[in-house]
Amino acid sequence: MNREQADASSAIRALRPLDAKVSTPSCAPGTVPSSALEAALDAGARVTVVIAAAGYGKTTSVAQWAAHQREAVAWYTIDSYDDRPSVFWRHVAAAIARVAPKVPEGDLAADLPEDVAEVTALLSALGADADPLVLVLDDAHLIADATTLEQLAYFIDRAPMALRVIILGRVRPDLPWGRWAARRHLTEVAETALAFDATQCAALLRSTTGTDLADEVIERLTDAAAGWPAMLA
């Protein structure tokens, strides 16, 4: 590691992740949940992946679901600056430490070397007998770094059985989906499952306009929007 790399690593260690990036987003009153997504999340797969374009309510629906869970939910909203292992794992560690009081934040937030084997430091901090925990990785499509993705796959494969991972994004990151599906560890939610039907569209329009529209109007609007919630909001 040269001097510039060492200085950058020290700067990262000195930064504390922003609370907004490691906190579950709040939901506005009148939010209409996706019943298909909630059913998939309730299924309790080790890995749940939700892939859809912007405006389909991925974040909102999962945040709403998380607010009613007994198990702890650690949330990490990823941005384009997080696409390197040291930054990514520092935020994962901070998100988990916020909701897992048995795990010392100092141990989790340690700077992890950029080597897959060193992610075991985080796994060791969690422990084999960890309490039930859900880790949500929002906007995961912004992670493209091969090392970070390799480490994430390593982490998921070896995490305690009590830990579930929910991955939200616009496109799939390069992770071993086939392997997880073959092991029956994977639940997938596609964009089509998030499209609103006429009943959901009526509820959304009622919450945003305060009025009940005629059924034929609702049907026309639903067809015109192709079930895309963002077009109706």
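Each residue of region 71-87 in turn: what ³J(HN,Hα) in whole Hz from Karplus with 6.51, -1.76, 1.60 and θ = phi - 60°, glycine and Pro shown as x?
6, 5, 10, 9, 10, 10, 8, 7, 10, 5, 7, 8, 7, 7, x, 5, 6
Mind listing the long-range amide H neighbours of V136? Cut-off is under 5 Å, sequence gap 5 or more, other chains count too, H placed in the peptide plane at 1.01 Å from N.
Counting only residues 5 or more places away or on other chains, the set is A74, W75, Y76, I166.
Could you pull the Rg and Dmax for region 35-79, using just the Cα atoms, both in Å?
10.7, 29
Mind listing the phi-derived Karplus ³J(HN,Hα) values for region 121-130, rounded to whole Hz, using 6.51, -1.76 and 1.60 with θ = phi - 60°, and x for any glycine or proline?
Per-residue couplings from phi come out as 4, 6, 4, 5, 5, 5, x, 5, 9, 4 Hz.
State the extension gain, in nm to one decimal, for the chain segment bounded by D129 and R179, taking 0.36 nm per residue of separation less the distance between their alpha-carbons.
Value of the extension gain: 15.6 nm.
FYI, it's all coordinate maths here, none of it is from the lab. These numbers were taken from a predicted model, which means no experiment stands behind them.
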